């Protein structure tokens with residue numbers, strides 16, 4: 001993810017029952033060693049990142065254009081036999097659906113803003129370690145991480161989300177600030193994918209294939225020393241639209 005945001009460090013770091021900002025750790029490059037080092041058990045205060053909030057007008061226009069776009073995709077997919085790339089005039093169709101140029105300007109502004117992430121709140125999280133297994137617990141509306149279990153007991157570590165095993169993918173290191181934390185960082189990625197039919201000659205036919213894409217990325221932010229977790233679940237069912245859930249947390 002490539003986003004620009006800034007951290008707001010508050011007095012909450014002084015809480016007696018919470019860990020404070022961590023020094024940048026020397027990474028081993030081995031996922032088992034690094035995760036065991038950075039994900040220490042205990043109670044943490046955390047920054048939670050999300051998309052910027054929208055005004056009621058922005059929400060209304062965004063929903064209207066999204067609905068028109070979804071209807072347009074359905075219309076294009078109705079007759080896949082005669083589908084011809086480039087033959088569909090999107091601007092004419094959107095105008096027929098009552099979408100004005102002003103609507104599109106607002107829609108594009110919203111899309112641009114929602115590619116950014118900001119700290120929307122702080123919350124308390126707990127990291128629980130039982131032998132070589134690591135779990136998370138979060139507050140009320142931040143329970144997504146509760147369904148995760150990191151198993152470091154195997155030769156190749158695995159992250160489990162419900163019935164999905166996320167296999168270790170790679171270690172990565174970003175040297176620029178083009179990420180949610182606006183800082184260089186390093187971390188390890190685990191992923192699971194149930195792919196769609198990618199070789200179908202009809203580019204619209206793939207929307208009928210179910211798809212599941214899950215990714216877990218954790219590591220350390222260089223500028224603050226914070227430990228972060230980025231977790232996302234994206235599913236595509238019988239329609240063209242994607243549905244998903246995710247959380248970005250930086251532990252203090």
In nm, to one decimal, how far is the modelled label at residue 67 from the one at residue 109, with both set 7 Å along Cα→Cβ? 2.2
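How long is the gain from residue 172 to residue 50 if the chain were fully straight, where each residue apart is worth 0.36 nm and the alpha carbon distance is subtracted?
Working it through step by step, the gained length comes to 41.7 nm.
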For each of 47, 245, count neighbouring Cβ atoms within 10 Å of the residue's Cβ, then give the residues from fewest to most. 245, 47
By how many nm would the segment from residue 97 to residue 162 lengthen if fully extended, with 0.36 nm per residue of separation less the alpha-carbon distance? 19.3 nm
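Just so you know, all these numbers are worked out from the coordinates, no wet-lab data involved. Because the structure is predicted, anything quoted here is derived from the model rather than measured. Cβ: placed from backbone, ideal geometry, glycine included. Neighbour counts: every protein chain shown.
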